[in-house]
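Encoded as structure tokens, the structure appears first; notes follow it.
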Ligand SMILES: Nc1ncnc2c1ncn2[C@@H]1O[C@H](COP(=O)(O)OP(=O)(O)O)[C@@H](O)[C@H]1O
Ligand SMILES: [Mg+2]
């Protein structure tokens with residue numbers, strides 16, 4: 001073998017080695033590729049799972065709360081609408097948006113903040129109803145003649161003729177409280193009073209005051225009274241007043257917020273004696289629950305009970321609510337009244353609406369007694385039993 005052959009052979013060995021090492025490298029790269037592919041697969045599964053989790057976190061219904069304090073690392077103390085405080089974290093990307101006083105939506109289960117809600121533009125407007133002059137008149141109300149007479153004395157005459165009272169040296173009642181079961185016509189009465197006196201009707205609900213506007217309740221009360229003076233003559237109607245002034249909250253562990261709202265309301269009422277042209281009407285179906293502070297002289301010092309309608313009144317209410325309906329000649333309102341023992345005014349109204357629906361379903365031009373009978377059946381079987389426990393839970 002010559003020297004050059006030797007070199008050639010050695011060179012070819014090197015190439016073999018090189019090729020061999022490249023093949024080895026290729027093999028390991030293949031393995032690496034397979035492992036990466038497996039990892040990608042795993043990550044894709046993870047991603048899918050996380051995506052689902054995000055979707056679920058964002059899924060309604062969400063719990064609404066108000067930020068009380070922002071803490072580091074995207075956490076915050078949030079107060080829910082019942083006044084309870086929670087230390088919660090927020091989803092990535094919201095840290096900078098967190099700000100005390102802002103409303104947020106939270107996942108029901110984890111209470112993780114998933115949305116920062118826009119501010120309520122005009123929360124005054126969204127929280128109270130202002131009607132320049134309600135269309136409801138006393139003619140739209142069946143029965144309740146004693147109640148109407150009392151309102152006449154306590155609210156209507158003092159509004160229409162304040163001088164008459166002061167000349168005689170008598171103080172009309174400060175505030176009138178209508179109490180009675182739901183659907184008996186309390187709101188209706190208050191609206192009719194506003195109509196009769198050409199007053200602006202400003203209504204707000206006690207449960208809204210304490211549930212919706214945490215920290216705003218007392219401000220809202222102040223604003224309502226201010227607005228009432230601007231727009232006088234006016235009637236301030238506070239529905240469900242027991243939500244603000246029930247003795248549950250008068251105890252030491254009661255909610256401070258609610259307590260503050262109540263105090264503001266009492267203060268406004270106390271300072272209101274001398275203001276002419278504004279009257280306050282409250283309504284409740286839980287008189288037994290009411291804080292006695294609300295009932296002291298100078299506050300809601302005239303109680304008017306609004307009972308359910310008797311037969312004669314139901315007849316009148318049927319007359320009112322069927323006045324625009326096309327009735328078959330076999331429909332007699334006095335008969336309907338006998339058939340609806342124990343029904344409230346609101347129930348009677350439902351019966352009329354339902355009867356109309358039954359006739360509509362049968363393509364009838366007129367509503368007959370049969371439709372009313374079906375409607376009475378339906379309204380009698382209203383799912384009150386089912387609703388009661390849930391209502392209690394939220395109460
Ligand atoms: N005495 C009544 N006369 C006519 N309609 C009534 C009467 N009571 C209740 N209604 C009907 O029932 C509805 C609900 O009444 P509402 O005044 O809101 O009751 P409350 O405020 O006592 O819960 C009214 O809009 C009206 O259609
Ligand atoms: Mg009402």
* residue 226 being more than 30 Å from residue 67 (Cα to Cα) and either away from ligand 1 (no atom under 16 Å from the Cβ) or free of Cβ contacts under 8 Å to residues at least 12 places away in the same chain (or both) -> no
* Asked: Which residue pairs have Cβ atoms under 6 Å apart, sit 6 or more places apart or on different chains, and have a first residue in segment 260-284 that is farther than 21 Å from residue 178 by Cβ and a second that is buried (at least 19 other Cβ atoms within 10 Å of the Cβ)?
  -> 260/218; 264/218; 264/221
* In segment 109-132, is there at least one residue being within 30 Å of residue 185 (Cα to Cα), more than 16 Å from ligand 2 (Cβ to nearest atom) and at pLDDT 85 or above? -> yes
* Asked: Can you find even one residue in segment 304-311 that is within 16 Å of ligand 1 (Cβ to nearest atom), more than 26 Å from the chain's Cα centre (by Cα) and crowded, with 20+ Cβ neighbours inside 10 Å?
  -> yes
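Take the residues of segment 210-247 that are within 15 Å of ligand 2 (Cβ to nearest atom) and part of a helix (DSSP H, G or I): which is modelled with the lowest pLDDT?
Of everything passing the filter in segment 210-247, 243 is modelled with the lowest pLDDT.
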* Name the one entry in 162, 182, 173, 118 that is closer than 25 Å to residue 258 by Cα, touching a residue at least 60 places away in the same chain (Cβ under 8 Å) and either surrounded by 13 or more Cβ atoms within 10 Å (Cβ to Cβ) or within 21 Å of the chain's Cα centre (by Cα) (or both). => 182
* Structure fact -> Of (1) in contact with a strand residue (DSSP E or B) (Cβ under 6 Å, 6 or more places away or on another chain); (2) loosely packed, with under 15 Cβ neighbours inside 10 Å; (3) more than 27 Å from residue 256 (Cβ to Cβ), residue 85 satisfies every one except (3)
* Pairs, please: C-beta under 6 Å, at least 6 apart or cross-chain, first residue in contact (Cβ under 8 Å) with a residue 60 or more places away in the chain and at negative phi and in segment 34-45, second in a helix (DSSP H, G or I) and exposed (fewer than 10 other Cβ atoms within 10 Å of the Cβ)? -> none
* Just need a number here: residues in segment 183-200 that are near ligand 2 (Cβ under 10 Å from one of its atoms) and either assigned to a loop (DSSP other than H, G, I, E, B) or in contact with a strand residue (DSSP E or B) (Cβ under 8 Å, 6 or more places away or on another chain) (or both). => 8
* Asked: In segment 168-175, is there at least one residue being outside the structural domain of residue 321 (by TED's automatic domain parsing), under 27 Å from residue 346 (Cβ atoms) and within 16 Å of ligand 2 (Cβ to nearest atom)?
  -> no
* **Filtered residues of segment 337-367 (kept if buried (at least 21 other Cβ atoms within 10 Å of the Cβ), farther than 21 Å from residue 182 by Cβ and more than 33 Å from the chain's Cα centre (by Cα))** => 359, 367
* **Residues of segment 174-201 classified as within 25 Å of residue 217 (Cα to Cα) and away from ligand 1 (no atom under 16 Å from the Cβ), total** => 4
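The values are calculated or read from the model by the stated rules, or taken from the named source; none is laboratory data. Since we're looking at a predicted model, the values are computed, not measured. Note that we place each Cβ from the backbone using ideal geometry, even for glycine, and neighbour counts take in every protein chain shown.
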